[in-house]
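The structure appears below as structure tokens.
The values are calculated or read from the model by the stated rules, or taken from the named source; none is laboratory data. Computed from a predicted model, the values in this text were never measured in an experiment. All Cβ positions, glycine included, derive from the backbone under ideal geometry; neighbour counts span all protein chains shown.
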Amino acid sequence: MKKIIVVLIFIFSAITSMAQTASVSQYLYKFSPLGEIIVRNLGMEDKNGNGVIDIAAGAGANEGYEGFIEKYGKADIGFIINGITQGANNGILEENEIVNYYYLNIRFKYPEETAIIDKEIKAYVYANNLPLVWLDNEKGTVMEAVTKVLGEGWNEKQVTEDEAVNMHNKALKGMKIYGRPGLPSKNGGYYTLPEFVLKKSGYCFEAAQFGFWFFSMLKINSNIVCADLTENILHDVIKLTNTGKIIDFFNGIAGYKVPANRWIIRNPIQSLGYYIGTLGIQQRNTNQEYNTDSLEQAVIYNKYDIADNAILISGLTKKEKYQDVIVLGEFIIKNINIADIMKTNQLGQIQIKHNLQAILLFLIKSYSLTKNPKEFSKIEAILKQYYGKDDYVNLYIDTYKNMLE
């Protein structure tokens, strides 16, 4: 699967209007709707409304941090995003930490919680017409297609992981699924799970989502994981939780050496955001403006991701929604470790650093046009520290600094 490469074009232009809203702030500092279902049913509540679960000695009290850790285990272990691990041992449970931990260590091991969470998530997705990225539709299109290959009652058997893997491969081969060529963002985006089996084709993204659904039907814990194969190619596979076995139906990693520690979890909620974000990119109109409504939905479900935020900020800047740009940009700056990102040189970091630079430059522009020299100077200092040798960055700063005066 080709990675989305963000190419952001900065246009020096006079301000024509100041269309501003505060809508972005309504979803950045709260759990996503699907994340909230998991949080609530695991005995936690964001009482102070800062979008995380705080330890009692921290910003909040009685939010359930301690009870969660005591019952389910230490989840404050951080999560990998933007090429680095963040949030470990900080007395805060972020959405990605909680969701990752649920799918790795709680789902199916705690049947009561699992039944309630899975039921509520499915109900919310159906009721709100969210894309069926890893879920079957209400008609059971995916189940019907698999049953034609494996026979009635295939998901009612208790099988070993090896037997389950054989069944998984047999199902995909029996449905005659093949890989799609081209770039998803220029090819209509990804298919939903029902579309995947009806069209009998997909990228590694859809194959991994199918795997997650399939093993879920057998009550076997698995997670979608992804890794950069090159600077421009990101690949998704399924990883079984108990054994760590990788299932790669399209064999996309053939010829690549991917160390075990390079596989990064992309949990189901993040996958939803990734699907919607890709759709928003390919829905650009004739003026090459991004569908910001779709991109805002993507950020709701993957709000710590630099790329998703950079694309949305680009679209909002083009629409001159500078206050929204500021809210989004400040959220990212507050919630990532720039120093760690900038000193990391693993595959994929070139794009991450490029998108971070874009966010900082859009902030510079927004602070200039909203006449905020104090905040302008803070971002200028960051840009000078990490991108100070870039002539374009320096020209951009100078141009918008002159507009402040």
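Below is a table of values for the structure above.
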item	result
Counted residues, the stretch 92-130 - those being farther than 18 Å from residue 216 by Cα, in contact with a helix residue (DSSP H, G or I) (Cβ under 9 Å, 6 or more places away or on another chain) and surrounded by 15 or more Cβ atoms within 10 Å (Cβ to Cβ)	7
Subset of the stretch 340-363 (residues that are within 13 Å of residue 84 (Cβ to Cβ) and of a type in the set (A, V, I, L, M, F, W, C))	341, 342, 352, 356
When residues of the stretch 174-195 are limited to those that are in contact (Cβ under 8 Å) with a residue 24 or more places away in the chain and assigned to a helix (DSSP H, G or I), the one surrounded by the fewest Cβ atoms within 10 Å (Cβ to Cβ)	186
Counted residues, the stretch 196-209 - those being surrounded by fewer than 24 Cβ atoms within 10 Å (Cβ to Cβ) and under 13 Å from residue 141 (Cα atoms)	3
Test for residue 133: is it assigned to a helix (DSSP H, G or I), touching a Leu at 6+ places or on another chain (Cβ under 9 Å) and surrounded by 15 or more Cβ atoms within 10 Å (Cβ to Cβ)	no
Residue within the stretch 122-129 that is out of contact with any Cys (no Cβ under 7 Å at 6 or more places or on another chain), closer than 22 Å to residue 271 by Cβ and part of a loop (DSSP other than H, G, I, E, B) present	yes
Residue within the stretch 143-153 that is buried (at least 20 other Cβ atoms within 10 Å of the Cβ), within 26 Å of the chain's Cα centre (by Cα) and outside any loop (DSSP other than H, G, I, E, B) present	no
Test: residue in the stretch 74-83 that is outside the structural domain of residue 349 (by TED's automatic domain parsing), β-branched (Val, Ile, Thr) and over 20 Å from residue 29 (Cα atoms)	yes
Residue selected from the stretch 210-261 under the condition in a helix (DSSP H, G or I) and small (Gly, Ala, Ser), by the criterion surrounded by the fewest Cβ atoms within 10 Å (Cβ to Cβ)	260
Those helices (runs of 4 or more DSSP H) lying entirely in the stretch 339-405 with at least 3 residues within 17 Å of residue 305 (Cβ to Cβ) and modelled with pLDDT of 95 or more	349-369
Residue 243 vs. criteria out of contact with any Asp or Glu (no Cβ under 7 Å at 6 or more places or on another chain) and among the polar types (S, T, N, Q)	no
Flag if residue 243 is under 28 Å from residue 110 (Cα atoms) and modelled with pLDDT under 95	yes
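Here is a yes/no grid of residues against (1) more than 30 Å from residue 299 (Cβ to Cβ); (2) among the hydroxyl-bearing types (Ser, Thr, Tyr):
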{"position": "80", "(1), (2)": "no, no"}
{"position": "86", "(1), (2)": "no, no"}
{"position": "124", "(1), (2)": "no, yes"}
{"position": "130", "(1), (2)": "no, no"}
{"position": "140", "(1), (2)": "yes, no"}
{"position": "148", "(1), (2)": "yes, no"}
{"position": "163", "(1), (2)": "yes, no"}
{"position": "187", "(1), (2)": "no, no"}
